[in-house]
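Just below is one structure, and these are the notes that go with it.
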Amino acid sequence: MTTRLFHVSDVHFGVENRRALDHVAQAIREERPDALVCTGDVTQRAKHSEYAAAAEWFAGLGVPVVLEPGNHDMPYYNLFERFSDPYRRFRRLDGKVGTQFQNDDVVLVSLKSTVRAQPRFPWSDGIVTKRSLDQTVQRLLELSDDPRHVIVTAHHPLLGPKEDAGNPTIGGNKAFVALASAGADAIMTGHVHRPFDETRDMDGASMRMIGAGTLSTRLRHGAPPSYRVLHCRRGEEMQVELRELAAI
């Protein structure tokens, strides 16, 4: 059997697209994927009410859920909590509905690309710290020669668009090379609110970059709400399907 992963991102509970969420939930009920991966920005302002709505939706899907924190998932109004314990609310959600995932076909490895503050403004774009990168690379090295698809999950894309000269993710270039060199086959991300699927090369390292788009009502750069379905079978090329909800 082929493993199927549903990949959503940037749901932004608080400004979510309810019709899009209902569509995804119905597809999950009908198709029963092996897991749902959400690559960050679960909420809009990290409010308790937004996290409660997220918990209700994820818990009702009936499949394993893998969550990554996004830049919107740290307190926006409570600066004391943002600086003292920025992931407390996210950890509570993850403890209720989240899990780690691996099976005979695929193993998912987390990379944190968010920080509570950074030396630029706004604080929305990604930073891959040395500590975060070292932890992920160590896990990848433990999977050396693993025949399964090894996929990293993060919120921010590691490289900028091909047509752009700069990279909005600080440390992204270094992280891309390090993860690809350590054996990652692909990285699933969100943040930019538009889908993409491309294999990129840098300094002799190659890795597939997969973006899911958004299921919110926020800016979509002209793209409709979207999500992806990954079909993974050990020893075979991974197939990635884009599902755009043009009528929603």
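The values are calculated or read from the model by the stated rules, or taken from the named source; none is laboratory data. Note that the structure is predicted; figures quoted are calculated from it, not measured. Cβ: placed from backbone, ideal geometry, glycine included. Neighbour counts: every protein chain shown. Remember, those area values only see protein heavy atoms, side chains included, never the ligands or the DNA or RNA. Shrake-Rupley method; radii C 1.70, N 1.55, O 1.52, S 1.80 Å.
In segment 219-234, the residue that is farthest from residue 248 (Cα to Cα) out of those that are under 17 Å from the mean Cα position of the chain (by Cα) and open to solvent by 10 Å² or more (accessible area, probe 1.4 Å) is 231. Restricting attention to segment 4-31, the residues that are open to solvent by 10 Å² or more (accessible area, probe 1.4 Å), without any contact (Cβ under 8 Å) to a residue 60 or more places away in the chain and not in a helix (DSSP H, G or I) total 1. Filtering 69, 86, 75 for residues that are in contact with a His (Cβ under 7 Å, 6 or more places away or on another chain) and not in a helix (DSSP H, G or I) leaves a single hit, 69. Taking every residue in segment 32-53 that is hydrophobic (A, V, I, L, M, F, W, C) and pairing it with any residue that is modelled with pLDDT under 95, at least 6 positions away or on another chain, the pairs with Cβ-Cβ distances below 8 Å are 46/76.
Scanning segment 137-188 for residues that are of a type in the set (Ser, Thr, Tyr), open to solvent by 50 Å² or more (accessible area, probe 1.4 Å) and under 20 Å from residue 105 (Cα atoms) yields one hit, 144. Only one of the numbered conditions (1) touching a Lys or Arg at 6+ places or on another chain (Cβ under 6 Å); (2) under 23 Å from residue 17 (Cα atoms); (3) open to solvent by less than 20 Å² (accessible area, probe 1.4 Å) is not met by residue 107, and that is (2). Applying the criterion of being touching a residue at least 60 places away in the same chain (Cβ under 8 Å) and open to solvent by less than 10 Å² (accessible area, probe 1.4 Å) to the residues of segment 204-218, the residue that is farthest from the chain's Cα centre (by Cα) is 216. Scanning segment 237-248 for residues that are part of a loop (DSSP other than H, G, I, E, B) and under 19 Å from residue 20 (Cα atoms) gives 245, 246, 247, 248.
In the set 92, 194, 116, only one residue is within 22 Å of residue 44 (Cα to Cα) and modelled with pLDDT under 95; that residue is 194.
Going by what's in this entry, would residue 40 be described as assigned to a loop (DSSP other than H, G, I, E, B) and either open to solvent by 20 Å² or more (accessible area, probe 1.4 Å) or of a type in the set (Ser, Thr, Tyr) (or both)? Judged against the criteria, residue 40 is not a match.
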